[in-house]
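Below is one structure; the comments refer to it alone.
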Amino acid sequence: MAESKKKRPIIDMDIHERVTYDELLPYLDNPWQRYIKDTNWVQEKHLPYPILGAAGLDRADAKVPDGRPAGNDLSFMQQQLLDDVGHEAGILTGAGDPSPSSMNGWYEMAVALATAYNDWQIENWLEKDDRLYGSVHIAAQDPASAVREIERVGSHPKMVQVLLPIDDRPWGDPYYHPIFEAAERHNLMIGMHHQEPPNYYGKFPRYFVEWHSVMPNTHMIQISSMIFNGVFEKYPNLKLAMIEAGFTYIPAFMKKMDQQYKVLRHEVPWVKRMPSDTVKDHVRVTTQPVDELTKDEFLKFIELMDSDEIVCFSTDYPHWDYDSPFRALPPLGEELEQKIFAENARNLYPKLPTKVGKVTQ
Amino acid sequence: MKEVVCKKEELSPGNIMSTNLGPIPIVLCRTPDGEFYAFTDKCVHQGAAMSEGVVCGAPAPTDTPGEYHYVKEGEILRCPWHGIEYDIKNEGRMLVDPNRKLGNFNVSFEGDDVIVSTRK
């Protein structure tokens, strides 16, 4: 990339590493390994239309030069993203596709896949680049197993969050609270990233452009579920990272939840605070996919949020709607840029060091 | 500024290549009818290298939902990141906003040499 770059610390909250089922096999015991090998099984994807970027889901230029799919090779990712952009740190948010937590039934296989994925992630990514931090993948539909998996790998120094898909489950349901308790116990935050199906009850709009335009709706469902089910009262050290729906929906949503809370709080007496205050203290959202704003527009949204600590930067590399750290946001002034590009994420994840080292590979 | 960037046969119709005019990264395009076009190798949206993009056609606007007409095969350059489309034969103008376009360069020939030069 030839353009001049403004060097600044960047903590990227959404980088997708990618695994193939073949690569997961060594991390699976039997019968799981045999089930996959004997039948060439891969979990079915549900999207009923293609993603009409230049090359489908991924950046056309992110395919690994040897032909492997984008995100499948650490050295190419280092070259194209981490070194080129100059990342201080990046949070990995890839997963089996769809996530183990999205599997309908066969929870036993979902648990096995999540466990294999975590071991693969640690060995092949987290322990090979000091800049990369990881997400604990779980089969959340089986909370007892999910807690066991958090106990197993959650204390790894480079695991910073438990990742849940934004799917057809509102995660605030007390059924899932043992997961939050385990996460809090290990100083892990909750990251939520959309998977498929993305809309409530798994219904799809007729066109991809509709789906991609309404992603904030599904994020709002999850935030309100967590807040009104009292998750943050119950787990005061837990925070929630909402990844990949932008941030411009937040001010209106804060206003709406506050107004609703004032008149309907009788239904949820365990909620003790104004929802907007809970958002400010516990919820962080990523810039990507960025709404293209002028500086004045951007600052107005920050003003309406009454906080400059909610918005965090992410690229979504290597996906087609990648946001460039150099071009996606308007100039915002040094103080706010430092917060958005690094400090807000650093404050979100207590396991991120204040100073991150360089590549050791 | 003027520079020989390749031989005609090095770029077959319907393809693109990256090259340089002095310090300027260029995407050289050859449409299916054999014509050459040269643009700055940077998407005006977020700066991706257009030479890493794809050459394709595009559905023409229609008045009826559900109706598709695919046109301009080989004449549309799509950004490798967000898929923004530029019309190669219309000065590299963005389909969705023709007021925005890629930077343009002249293409001329001397024998088999393809020459790119800045516009005067």
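It is to be established whether one or more residues within segment A:213-230 are open to solvent by less than 10 Å² (accessible area, probe 1.4 Å), in contact with a helix residue (DSSP H, G or I) (Cβ under 7 Å, 6 or more places away or on another chain), of a type outside the set (S, T, Y) and not in a helix (DSSP H, G or I). Checking segment A:213-230: not a single residue is open to solvent by less than 10 Å² (accessible area, probe 1.4 Å), in contact with a helix residue (DSSP H, G or I) (Cβ under 7 Å, 6 or more places away or on another chain), of a type outside the set (S, T, Y) and not in a helix (DSSP H, G or I). Does A:V290 satisfy being without any contact (Cβ under 8 Å) to a residue 60 or more places away in the chain, within 14 Å of chain B (Cβ to nearest Cβ), out of contact with any Ser or Thr (no Cβ under 7 Å at 6 or more places or on another chain) and crowded, with 19+ Cβ neighbours inside 10 Å? For A:V290, the condition - without any contact (Cβ under 8 Å) to a residue 60 or more places away in the chain, within 14 Å of chain B (Cβ to nearest Cβ), out of contact with any Ser or Thr (no Cβ under 7 Å at 6 or more places or on another chain) and crowded, with 19+ Cβ neighbours inside 10 Å - is met.
For segment B:30-37, does any single residue satisfy the condition of being closer than 20 Å to B:P98 by Cα and among the acidic types (D, E)? No, because not a single residue in segment B:30-37 is closer than 20 Å to B:P98 by Cα and among the acidic types (D, E).
Table: residues versus (1) surrounded by fewer than 19 Cβ atoms within 10 Å (Cβ to Cβ); (2) free of Cβ contacts under 8 Å to residues at least 12 places away in the same chain; (3) over 17 Å from the mean Cα position of the chain (by Cα).
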residue: A:Q79; (1), (2), (3): yes, yes, yes
residue: A:I91; (1), (2), (3): no, no, no
residue: A:G94; (1), (2), (3): no, no, no
residue: A:S101; (1), (2), (3): no, no, no
residue: A:A116; (1), (2), (3): no, no, yes
residue: A:H137; (1), (2), (3): no, no, no
residue: A:A144; (1), (2), (3): yes, no, yes
residue: A:V153; (1), (2), (3): no, no, yes
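One residue stands out in segment A:1-18 among those that are at pLDDT below 95 and among the hydrophobic types (A, V, I, L, M, F, W, C): the one that is surrounded by the fewest Cβ atoms within 10 Å (Cβ to Cβ), namely A:A2. Could you go through segment A:261-278 and let me know if any residue there is touching a residue at least 60 places away in the same chain (Cβ under 8 Å) and either more than 19 Å from A:A342 (Cα to Cα) or surrounded by 16 or more Cβ atoms within 10 Å (Cβ to Cβ) (or both). There is no residue in segment A:261-278 that is touching a residue at least 60 places away in the same chain (Cβ under 8 Å) and either more than 19 Å from A:A342 (Cα to Cα) or surrounded by 16 or more Cβ atoms within 10 Å (Cβ to Cβ) (or both). The lone criterion from (1) within 14 Å of chain B (Cβ to nearest Cβ); (2) assigned to a loop (DSSP other than H, G, I, E, B) left unmet by A:K7 is number (1). Condition check for A:D73 on (1) in contact (Cβ under 8 Å) with a residue 24 or more places away in the chain; (2) surrounded by 17 or more Cβ atoms within 10 Å (Cβ to Cβ): one failure, at (1). Among the conditions (1) crowded, with 17+ Cβ neighbours inside 10 Å; (2) closer than 30 Å to A:Q80 by Cα; (3) among the charged types (D, E, K, R), A:K239 misses just one, which is (2).
Considering only residues that are of a type outside the set (A, V, I, L, M, F, W, C) and farther than 23 Å from A:D22 by Cα, which ones fall in segment A:60-69? Outline the logic, then answer.
Going through segment A:60-69, the residues of a type outside the set (A, V, I, L, M, F, W, C) turn out to be A:61, A:63, A:65-69.
The one that is of a type outside the set (A, V, I, L, M, F, W, C) and farther than 23 Å from A:D22 by Cα: A:D61.
What strands (runs of 3 or more DSSP E) completely inside segment B:28-120 contain at least 3 residues that are open to solvent by less than 30 Å² (accessible area, probe 1.4 Å) and within 14 Å of chain A (Cβ to nearest Cβ)?
B:54-59
Scanning segment A:294-306 for residues that are surrounded by fewer than 18 Cβ atoms within 10 Å (Cβ to Cβ) and either part of a loop (DSSP other than H, G, I, E, B) or in contact with a Ser or Thr (Cβ under 6 Å, 6 or more places away or on another chain) (or both) yields A:T294, A:D306.
Among what's in segment A:41-56 and is aliphatic (A, V, I, L, M), out of contact with any Gly (no Cβ under 8 Å at 6 or more places or on another chain) and part of a loop (DSSP other than H, G, I, E, B), pick the residue that is surrounded by the most Cβ atoms within 10 Å (Cβ to Cβ).
Our first condition is that a residue be aliphatic (A, V, I, L, M); within segment A:41-56, this holds for A:42, A:47, A:51-52, A:54-55.
Okay, now just the ones that are also out of contact with any Gly (no Cβ under 8 Å at 6 or more places or on another chain), so A:42, A:47, A:51, A:55.
With part of a loop (DSSP other than H, G, I, E, B) added as a condition, the list becomes A:42, A:47, A:51.
Values: A:V42: 11, A:L47: 14, A:I51: 16.
So the residue we want is A:I51.
When A:E233 is tested against (1) part of a helix (DSSP H, G or I); (2) at pLDDT 95 or above; (3) touching an Asp or Glu at 6+ places or on another chain (Cβ under 7 Å), only condition (3) is not met. A Cβ distance below 9 Å, combined with a sequence gap of six or more or placement on separate chains, defines the contacts here; from segment B:82-94, residues that are under 22 Å from A:L57 (Cβ atoms) reach residues that are open to solvent by 30 Å² or more (accessible area, probe 1.4 Å) and at pLDDT below 95 in the pairs B:G83/A:L52; B:G83/A:A55. Scanning segment A:307-333 for residues that are assigned to a loop (DSSP other than H, G, I, E, B) and more than 12 Å from chain B (Cβ to nearest Cβ) gives A:S307, A:D308, A:E309, A:I310, A:F313, A:S314, A:P330, A:P331, A:L332, A:G333. When the test is whether a residue is part of a helix (DSSP H, G or I) and without any contact (Cβ under 8 Å) to a residue 24 or more places away in the chain, A:D281 does not pass it. All conditions in (1) touching a residue at least 12 places away in the same chain (Cβ under 8 Å); (2) more than 14 Å from every other protein chain (Cβ to nearest Cβ) hold for A:Q33, with the sole exception of (1).
The values are calculated or read from the model by the stated rules, or taken from the named source; none is laboratory data. The structure displayed is predicted, hence computed values, not measured ones. We place every Cβ from the backbone using ideal geometry, glycine too, and count neighbours over all the protein chains shown. Heads up: the accessible areas ignore ligands, DNA and RNA and are worked out on the full protein's heavy atoms, side chains in. Shrake-Rupley method; radii C 1.70, N 1.55, O 1.52, S 1.80 Å.
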